[in-house]
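Since the structure comes first, as structure tokens, the remarks are kept for the end.
The values are calculated or read from the model by the stated rules, or taken from the named source; none is laboratory data. Bear in mind the structure is a predicted one, so any value in this text is a computation, not a measurement. A quick note on method: Cβ atoms are made from the backbone with ideal geometry, for glycine too, and the neighbour counts reach across all protein chains shown.
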Amino acid sequence: MELLLAAALGALLGSIPFGLVLTRAAGLGDIRRIGSGNIGATNVLRTGRKGLAAATLLLDSGKGAAAVLAAGALWGNPWAGPVAGFSAMLGHLFPPWLGFRGGKGVATGLGVLLAAAPLAGLAACGVWLAAAALTRISSASALAAVAASPLLCLLLADWRAAVLALAMAAPIVWRHEGNIRRLLAGTEPRIGEGR
């Protein structure tokens, strides 16, 4: 029962579409009608509003972290935090109020990882930054960080965090299927470019 409640809490928090809320509040309309059609920070950046993109990144990460921390505080089960975090990421990917079409889960997954395994989360940020410096491609950087996260969790945290990171990696990679195709074709836009 505790894990079901943790999952429900996580899914509810994760389903808050901060990118959409912020861009509408700023008078920019529906973020799903520009660029990739995504509700995440990378697409918000395509509006030219760096502050809104940063706020989206922080809030999307924050909801993932909040799910882990709240569930951990509310229920004693050691899996409550990881289950709530995974559910938050799924809630971001599939928010019911947006027809189950949400973001790609990278920022929310990062927040989950930072709350569940802080050192591994920081190391994953380092992987993202290094890959971004090398490629200047957001999706490639995200995929590198996601791929490294389970190993980073094993090295810097514990097996439970590694299981969580591995579970989050699968839907994140799946949601990047179009990006992966463009990466292989050499047509994926670089950071700051359109699309």
Considering each of 55, 8 in turn, give the residue that is more than 22 Å from residue 99 (Cβ to Cβ), of a type in the set (A, V, I, L, M) and in a helix (DSSP H, G or I).
55
Given the residues 48, 27, 72, which is the only one that is in a helix (DSSP H, G or I) and either aromatic (Phe, Trp, Tyr) or surrounded by fewer than 24 Cβ atoms within 10 Å (Cβ to Cβ) (or both)?
72
Counting only residues that are within 16 Å of residue 122 (Cα to Cα) and crowded, with 21+ Cβ neighbours inside 10 Å, which one in region 132-147 is farthest from the chain's Cα centre (by Cα)?
141
So the check is Cβ under 8 Å with 6+ separation or different chains; which pairs have a first residue in region 122-144 that's of a type in the set (Val, Ile, Thr) and a second one that's surrounded by fewer than 18 Cβ atoms within 10 Å (Cβ to Cβ) and not in a helix (DSSP H, G or I)?
135/190; 137/190; 137/191
Looking at region 94-105, can you tell me whether even one residue there is crowded, with 18+ Cβ neighbours inside 10 Å and at positive phi?
yes
Across (1) under 22 Å from residue 36 (Cα atoms); (2) in a helix (DSSP H, G or I), residue 165 clears everything bar (1)
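Matching residues to (1) in contact with a Ser or Thr (Cβ under 8 Å, 6 or more places away or on another chain); (2) among the polar types (S, T, N, Q); (3) touching a residue at least 60 places away in the same chain (Cβ under 8 Å):
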position: 59; (1), (2), (3): no, no, no
position: 62; (1), (2), (3): no, no, no
position: 65; (1), (2), (3): no, no, no
position: 75; (1), (2), (3): no, no, yes
position: 80; (1), (2), (3): no, no, yes
position: 84; (1), (2), (3): no, no, yes
position: 97; (1), (2), (3): yes, no, yes
position: 101; (1), (2), (3): no, no, yes
position: 108; (1), (2), (3): yes, yes, yes
Hydrophobic (A, V, I, L, M, F, W, C) and in contact with a Lys or Arg (Cβ under 8 Å, 6 or more places away or on another chain): does that describe residue 41?
no
With criteria (1) at pLDDT below 85; (2) surrounded by 20 or more Cβ atoms within 10 Å (Cβ to Cβ); (3) among the small types (Gly, Ala, Ser), residue 37 comes up short on (2)
Single condition residue 112 does not satisfy, out of (1) within 25 Å of residue 188 (Cα to Cα); (2) surrounded by 21 or more Cβ atoms within 10 Å (Cβ to Cβ); (3) β-branched (Val, Ile, Thr):
(1)
Could you say which residue among 160, 190 is more than 15 Å from the chain's Cα centre (by Cα), surrounded by fewer than 20 Cβ atoms within 10 Å (Cβ to Cβ), basic (Lys, Arg) and assigned to a loop (DSSP other than H, G, I, E, B)?
190
